[in-house]
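Shown next, in structure tokens, is the structure this report addresses.
None of the figures in this text is laboratory data; all of them are computed from the coordinates on show. Keep in mind that what you see is a predicted model, and the values were worked out from it rather than measured.
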Amino acid sequence: MPCRWILLLWAAAAAEAFSPPLMRVHPSSSLAALAEKVEVCGFKDCKRAGGGPRLEKLIGSILEEKELAIPVEACECQGECGYGPNLVIDGEIVNFVKGREAVLQALGIEE
């Protein structure tokens, strides 16, 4: 019985060591000026987390406000459902994009 608890504690510690970052963002701070396309995942889990049409609309309004002509469209599921809502910016996935501040950060736009 004691070995079982040790294994459970080890598994929990290992899971924490490999947890994803809060948000993966492109290294470029001027990404929006360089981006050719922004895609928003709208599948079940991402949509439930705040993605889909609502996030598309938010991104579109931010880009319009900043006078940036970057197309925003829906994309297929990226398989990172637990980390959503997810964006795909020029082929690179950005996780946990929830709310205006996260969108600005993901696009590399200053307020």
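If you build the Cα gyration tensor of region 39-104 and take the root of 5 times each eigenvalue, what three semi-axes come out, in whole angstrom, biggest first?
In descending order the semi-axes read 19, 12, 10 Å.
Suppose the chain between Arg48 and Glu64 were pulled fully straight at 0.36 nm per residue; how much longer would it get relative to their current alpha carbon spacing?
Answer, rounded to one decimal: 3.2 nm.
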